[in-house]
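Here's the structure, in structure tokens; my notes come after.
The values are calculated or read from the model by the stated rules, or taken from the named source; none is laboratory data. A quick note: this is a predicted structure, and the numbers were derived from the prediction, not measured. Because the Cβ atoms are built from the backbone with ideal geometry, glycine has one as well, and the counts that use them run over all protein chains shown. These area figures cover heavy atoms from the full protein model, side chains too; ligands, DNA and RNA do not enter into them. Shrake-Rupley method; radii C 1.70, N 1.55, O 1.52, S 1.80 Å.
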Amino acid sequence: LKTKIESIKRDDDLPDFRQMGFDHIFIDESQQFKNLTYTTRHSNVSGLGNPEGSQRATNLLLAARSLQKRHNGDKGVTFLSGTTISNSLVELYLLFKYLRPAELARQGITSFDGWSAVYAEKSSEFEFNVTGDIKKKERFRQFIKVQELSKFYREIAHVVTDQNFPVDKPIVNNITLTIPPTPAQENYIKDLLKFVN
């Protein structure tokens with residue numbers, strides 16, 4: 001991380017984040033910063049994404065840590081999103097990494113592997129790959145200690161639903177039209193089924 005930070009080109013004439021005097025940042029559409037770097041020993045587990053992360057997410061983490069250091073705790077950063085978690089369990093861990101570093105440290109969690117050992121369960125299944133061969137796939141498919149994880153999540157999340165924030169919405173009138181497939185589409189589907197079998 002030190003090498004990564006040192007490689008960032010800086011313009012010494014510009015004030016850095018600390019010098020600008022911010023005391024809180026609100027990040028709308030925070031899911032755009034979900035590609036934060038993390039460490040893991042799980043190299044062949046599907047769905048974990050790229051542990052290298054993005055520069056944009058690293059910049060936000062450094063800004064968040066600067067504010068949290070100033071406030072002496074897990075304060076100073078608010079994430080807003082309609083899709084907090086969209087692809088993987090790692091995204092939930094990364095939310096805690098951004099917003100609750102002191103609490104993670106209190107729990108003795110210093111990496112994704114530590115978090116997943118407490119809150120997630122990995123399973124293996126056999127699946128067909130693109131060549132039709134059967135391969136063993138490992139994925140984190142479910143949470144464990146759901147009650148504790150839910151309580152931990154509610155410390156950082158305020159979920160807005162129709163029940164707690166009703167909004168007038170237009171009435172949708174869905175009309176479904178069924179169109180028979182063309183002969184070319186039927187042949188294509190038959191070829192796909194042959195390929196799969």
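Based on the inverse mean of 1/r over its pairs of different Cα atoms, what is the Kirkwood hydrodynamic radius of the chain, in Å?
Details: mean 1/r = 0.0483 Å⁻¹.
Averaging 1/r across every pair of different Cα atoms and inverting gives 20.7 Å.
What size of dipole, in debye to the nearest 20, comes out for the range 50-131 about its Cα centre when the only charges are +1 on Lys and Arg C-beta atoms and -1 on Asp and Glu C-beta atoms? List each step's numbers first, then the result.
Working: 9 positive and 8 negative charges, 137 e Å.
Charge dipole, the range 50-131, about its Cα centre: 660 debye, nearest 20.
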Item to complete: Taking the Cα centre of the range 134-197 as origin, sum charge times position over the Cβ atoms of Lys and Arg (+1) and Asp and Glu (-1), and report the length of that vector in debye to the nearest 20.
Response: 520
Item to complete: Provide the per-residue ³J(HN,Hα) series for the range 64-79, in order, calculated from phi with Karplus coefficients 6.51, -1.76, 1.60 and θ = phi - 60°, each as a whole number of Hz, with x at glycine and proline positions.
Response: 4, 5, 4, 5, 5, 5, 4, 8, 6, x, 7, 9, x, 9, 10, 9
Worksheet entry | Ratio Rg/Rh, restricted to the range 63-118 and using Cα atoms, in which Rh is the Kirkwood radius | 0.99
Discussion item. I'd like the orientation of helix 89-99 relative to the chain: the angle between its Cα long axis and the longest Cα principal axis, in ° from 0 to 90, rounded to 10.
Written reply: 20
Discussion item. Ignoring solvent entirely, what values of log10 I(q)/I(0) come out of the Debye formula for the range 154-196 at 0.19 Å⁻¹ when each Cα is a single scatterer?
Written reply: -0.74
Fill in: Over 25 Å between alpha carbons, listed pairs 34/75; 145/169; 34/136; 122/194; 2/34; 2/145
145/169; 34/136; 122/194; 2/145
Worksheet item: Which three extents, in whole angstrom, do the alpha-carbon atoms of the range 13-95 cover along their principal axes, largest first?
Response: 43, 28, 24
Worksheet item: Where only protein heavy atoms count, and the probe is 1.4 Å, what is the accessible area per residue for the chain in Å²?
Response: 75
Worksheet item: What Rg and what Dmax come out for the range 110-164 when only alpha-carbon atoms are used, in angstroms?
Response: 16.7, 49
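So for the range 48-162, Kirkwood radius off the Cα pairs, Stokes-Einstein at 37 °C and 0.692 mPa s: how many µm² s⁻¹?
Values: Rh = 16.1 Å.
Here the translational diffusion coefficient equals 204 µm²/s.
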Item to complete: Treat each spin label as a single point 7 Å out from the Cα along the C-beta direction, and report the residue 107 to residue 71 distance in nm.
Response: 1.9
Worksheet item: Once amide H atoms are built 1.01 Å from N in the peptide plane, which residues 5 or more positions from residue 27, or in another chain, come under 5 Å H to H?
Response: 78, 79, 80
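If you place +1 on the Cβ of every Lys and Arg and -1 on the Cβ of every Asp and Glu, how big does the dipole about the Cα centre of the chain come out, in debye to the nearest 20?
560
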Worksheet item: Rounded if a/c is under 1.5, else prolate if a/b beats b/c, else oblate: with a ≥ b ≥ c from the C-alpha gyration tensor eigenvalues square-rooted, which is the range 95-197?
Response: oblate
Response to the item:
Charge dipole of the chain built from unit charges on the beta carbon (Lys, Arg +1; Asp, Glu -1), centred at mean Cα; most positive-end Cα among 24, 53, 174 is 53
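If the chain between residue 7 and residue 44 were fully stretched, how many nm would it gain, using 0.36 nm times the residue separation less the Cα-Cα distance? Present the calculation step by step, with values, prior to reporting the outcome.
Values: separation 37, 0.36 × 37 = 13.32 nm, distance 2.91 nm.
The span from residue 7 to residue 44 would gain 10.4 nm if fully extended.
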Worksheet item: From the backbone phi of the range 34-44, what are the Karplus-calculated ³J(HN,Hα) couplings (6.51 cos²θ - 1.76 cosθ + 1.60, θ = phi - 60°) in whole Hz, Gly and Pro given as x?
Response: 6, 8, 7, 5, 8, 10, 7, 9, 7, 8, 10
Worksheet entry | Neighbour-limited loop hits for GluC sites (Glu not before Pro), the range 89-187 (at most 16 other Cβ within 10 Å; DSSP other than H, G, I, E, B) | 155
Discussion item. Within the range 67-149, what whole-number % of the accessible surface is contributed by carbon and sulfur, with the 1.4 Å probe and all protein chains included in the calculation?
Written reply: 51
Worksheet item: Considering amide H positions built from the backbone, and no H for Pro or chain starts, which residues 5 or more places from residue 141, or on another chain, come under 5 Å of its amide H?
Response: 121, 123
